[in-house]
Amino acid sequence: MAEITRSIDVDAAIGDADREWTQFMFRSLVGQYEGAPEDVEWTPADDAEEDGLVRLEAIAHDRTRVSVTVEFEGDEAQVAAHLERDLEQFKAFAETRQPAQAETDHSDITSRNRRAA
């Protein structure tokens, strides 16, 4: 099985990026969430052949690097193009939405990993 990683920097604090990632995933993927917020797993559609990890890393107070690593079978160029398109769509989604009022202070978060099943 091959592995590919792509990253994008988003103009959002890590707590906001984390909430927006969850919203983006609910809207974009046919999947099922399981687990605690610190370690959310998703299961792709039955015909998908990918497993992966999403890493959110604070690179400034209001800027977050989102890195997605996907294990896959198939055409690497096609998977890379799809992943890059999804990350660009997430960036647009996260940067155009109004930041939600945080229920808790996320200022101490410097990174967050999300494992895909």
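Between Ala77 and Thr22, what length in nm is gained on full extension when 0.36 nm per residue of separation is reduced by their alpha carbon distance? Walk me through the numbers on the way to the answer.
Numbers: separation 55, 0.36 × 55 = 19.80 nm, distance 2.61 nm.
Working it through step by step, the gained length comes to 17.2 nm.
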For the pair Arg85 and Arg97, the simple spin-label estimate (label points 7 Å beyond Cα toward Cβ) gives in nm 2.1 nm
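Applying a 10 Å radius around every beta-carbon, put 18-26, 83-91 in order of their mean neighbour count, most first. Can you show the working numbers first?
Working: 18-26: 18.3, 83-91: 16.6.
Listed from highest to lowest mean packing, they are 18-26, 83-91.
Readers should treat all values here as calculations from the given coordinates under stated rules, not as data from a laboratory. Nothing here was measured: the structure is a model prediction, and the numbers come from that model. Note that each Cβ is placed from the backbone with ideal geometry, even for glycine, and that neighbours are counted across all protein chains shown.
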